[in-house]
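Q: Quick one: the structure is below, and I'll ask about it shortly.
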Amino acid sequence: MRAVSLRLSGMVSLSEGCFGCGNCVVTCRRGVLSVVNGNVEMTDFRLCELCKDCVNPCPTRVIESLLGQCNRMRYALVRARRR
Ligand code: SF4
Ligand code: SF4
């Protein structure tokens, strides 16, 4: 099972499943992805457009897990702001 973590800064990262090829990083139009210590990180989920351009270039499609978490956090943020 792939684990995803979210930090208070808005950063989302995968703890496994990514081998750091960087394909998603060079594809991202917003520049929100980076590879740190061989693992992909999203610097701030609020900056991702959810365009999914990064999905096909990912050999393992593990980036979809990161985008799924990003999407959930965006909805959570919208709900919190409405309260
Ligand atoms: S879905 Fe988000 S992370 Fe992926 S390419 Fe689009 S803006 Fe970048
Ligand atoms: S394309 Fe996939 S395997 Fe390559 S760095 Fe991005 S998430 Fe990791």
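Q: Residue by residue through segment 49-68, note down the ones that are among the hydrophobic types (A, V, I, L, M, F, W, C), more than 6 Å from ligand 2 (Cβ to nearest atom) and within 9 Å of the chain's Cα centre (by Cα).
A: Answer for segment 49-68, where residues must be among the hydrophobic types (A, V, I, L, M, F, W, C), more than 6 Å from ligand 2 (Cβ to nearest atom) and within 9 Å of the chain's Cα centre (by Cα): 66, 67.
Q: Now, a different point. Within segment 34-83, count every residue that is of a type in the set (A, V, I, L, M, F, W, C) and within 10 Å of residue 12 (Cβ to Cβ).
A: Summing the residues that are of a type in the set (A, V, I, L, M, F, W, C) and within 10 Å of residue 12 (Cβ to Cβ) in segment 34-83 gives 8.
Since every read-out is calculated from the coordinates, none of them should be taken as a lab result. Since the structure is predicted, the reported quantities are computational estimates derived from the model, not experimental observations. Every residue, glycine among them, receives a Cβ derived from its backbone with ideal geometry; neighbour counts consider all protein chains shown.
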